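So the structure is just underneath, and the comments pick up after that.
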Amino acid sequence: MIDLLEQINTNSPDTVSSSVTLLLLLTVLSLAPSILILMTSFTRIVIVLSFVRTSLATQQMPPNQVLVGLSLFLTFFIMAPTFQDVNETALTPLFNEEITIEEAYDLASLPFKEFMSQHTRQKDLELFFKLSR
């Protein structure tokens, strides 16, 4: 533990770079639940399954935990092509040190933006554009 603290306190570029990378990784991991909710079809699936449960007149069967688990599974199934694109275009070249981390962020965001634009109604986009002026 003391060795780790000594490494963090040094000012060498390698240590600073790895510290920044670790900080970015922890930030992404802490934001993972909000990314899952905002950038995937998870919310839509949970809502539809809740409506199905209510329409079948089973108020508590299956429980919410089962619905969320099923929704997670379906979300990863639906998002698999997008995750594969991110892996091929951004993560693999980054790990092979062919591109920088900034380029990886830009390349990784493109498949998510395409997914979101394909699954957003034009009417909703126009409403938000009008509200933002």
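A few points about this structure:
- Solvent-accessible area of F73 with every protein chain in place, 1.4 Å probe, in Å² to the nearest 10: 140 Å²
- Per-residue ellipticity at 222 nm from helix content only, as computed over the chain with -39500 (n - 2.57) for each DSSP H run of at least four residues, stands at -26000 deg cm²/dmol.
- In nm, spacing of pseudo-spin labels at V66 and E102 (7 Å Cα→C-beta vector): 5.1 nm
- Cα-based convex hull, segment 33-133, per residue volume (Å³, whole number): 135 Å³
- Of V20, V68, V86, the residue with the greatest mean-square motion in the GNM of the chain, using alpha carbon springs below 10 Å, is V20.
- Paramagnetic label reach from L31 (point 7 Å along Cα→Cβ; backbone nitrogen cut-off under 15 Å): within segment 72-111, residues 102-110.
- Between the Cα long axis of helix 13-39 and the first principal axis of the chain there is an angle of about 0°, rounded to the nearest 10.
- Measuring r between the beta carbons of F128 and I47 and using R0 = 25 Å, the FRET efficiency lands at 0.80.
- Take the chain with all the other protein chains still there, run a 1.4 Å probe, and you get 80 Å² of accessible area per residue.
- Surface calculation, 1.4 Å probe, protein heavy atoms: L107 sits at approximately 60 Å² accessible.
- Accessible surface of segment 12-133, 1.4 Å probe, proportion on carbon and sulfur as whole %: 69 percent
The values are calculated or read from the model by the stated rules, or taken from the named source; none is laboratory data. Since this is a predicted model, take the numbers as computed values, not measurements. Every residue, glycine among them, receives a Cβ derived from its backbone with ideal geometry; neighbour counts consider all protein chains shown. Each accessible area value is taken on the protein alone, full model and side chains, heavy atoms only, with ligands, DNA and RNA left out. Shrake-Rupley method; radii C 1.70, N 1.55, O 1.52, S 1.80 Å.
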